[in-house]
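Report on the structure given below.
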Amino acid sequence: MFRRDSEEQGFIDKVVHISRVAKVVKGGRRFSFSAIAVVGDGQGNVGFGLGKANEVPEAIRKAVERAKKDMTKVAMIGTTVPHQVIGHFGAGRVFLKPASKGTGVIAGGAVRAIMEAAGIKDILTKNLGSHNPHNVVRATMEALRALRGPDTIAYQRGIAAEKVRA
């Protein structure tokens, strides 16, 4: 996993996985590359993208470009998530649980990249299903999109935010 900072926009982009894919043609095999990248601003916004090309740098560039268009705001309380949640995508299942300050990011590969890009500093995670990076990334993003902060819950219930926090 490599990491690059896009200083001009303040984005953190990380390459989660690069696959070499082969297409069998009459003359032999044609190789191309597929890359999954995660982009975040470290302030609660994060997105992922998939890029495919004949060269690795071009696949990464396309993945980062797509990830910037896919940015999602993540509900956070301080440096962690507001409540526990399980995200599903295909056979991939990812469990996210809030952690106390100072715990750090307890996560593996793809999930860690997303948490660091989003700016979540304290969280416990567990990969429950498939370890396929594509499904893990999508399941994690699904879980992050399902998070709701106290203000959102209070608005939906039609009560004051202080009552939800208590």
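The values are calculated or read from the model by the stated rules, or taken from the named source; none is laboratory data. None of the values given here were measured: they were computed from a predicted structure. Here the Cβ positions follow ideal geometry from the backbone for every residue, glycine too, while neighbour counts run over all protein chains shown.
Before moving on, here are some points about what is shown:
- Test: residue in region 49-66 that is within 12 Å of the chain's Cα centre (by Cα) and in a loop (DSSP other than H, G, I, E, B): no
- Residue count, region 15-43 (criterion: within 16 Å of the chain's Cα centre (by Cα) and either surrounded by fewer than 16 Cβ atoms within 10 Å (Cβ to Cβ) or aromatic (Phe, Trp, Tyr) (or both)): 1
- Test: residue in region 112-126 that is assigned by TED's automatic domain parsing to the domain that holds residue 161, within 13 Å of the chain's Cα centre (by Cα) and farther than 15 Å from residue 11 by Cα: yes
- Residue among 64, 81, 46 that alone is buried (at least 19 other Cβ atoms within 10 Å of the Cβ), in the same structural domain as residue 31 (by TED's automatic domain parsing), more than 15 Å from residue 35 (Cβ to Cβ) and among the β-branched types (Val, Ile, Thr): 46
- Any hit, region 69-78, residues being touching a residue at least 60 places away in the same chain (Cβ under 8 Å), closer than 17 Å to residue 150 by Cα and in a strand (DSSP E or B): yes
- Considering the conditions (1) in a strand (DSSP E or B); (2) basic (Lys, Arg); (3) closer than 16 Å to residue 73 by Cα, residue 138 is excluded by exactly one of them, (1).
- Filter pass, residue 38 being closer than 17 Å to residue 19 by Cα and assigned to a strand (DSSP E or B): yes
- Applying the set (1) among the aliphatic types (A, V, I, L, M); (2) surrounded by 16 or more Cβ atoms within 10 Å (Cβ to Cβ); (3) touching a Phe, Trp or Tyr at 6+ places or on another chain (Cβ under 7 Å); (4) closer than 19 Å to residue 84 by Cβ to residue 137 leaves exactly one unmet item: (4).
- Boolean, residue 151 is charged (D, E, K, R) and surrounded by fewer than 16 Cβ atoms within 10 Å (Cβ to Cβ): yes
- Some residue of region 18-33 being under 20 Å from residue 132 (Cα atoms), among the β-branched types (Val, Ile, Thr), touching a helix residue (DSSP H, G or I) at 6+ places or on another chain (Cβ under 9 Å) and part of a strand (DSSP E or B): yes
- Filter pass, residue 87 being in contact with a helix residue (DSSP H, G or I) (Cβ under 9 Å, 6 or more places away or on another chain), of a type outside the set (Asp, Glu), more than 15 Å from residue 36 (Cβ to Cβ) and outside the structural domain of residue 43 (by TED's automatic domain parsing): yes
- Region 69-87: number of residues that are over 26 Å from residue 101 (Cβ atoms) and touching a Phe, Trp or Tyr at 6+ places or on another chain (Cβ under 7 Å): 1
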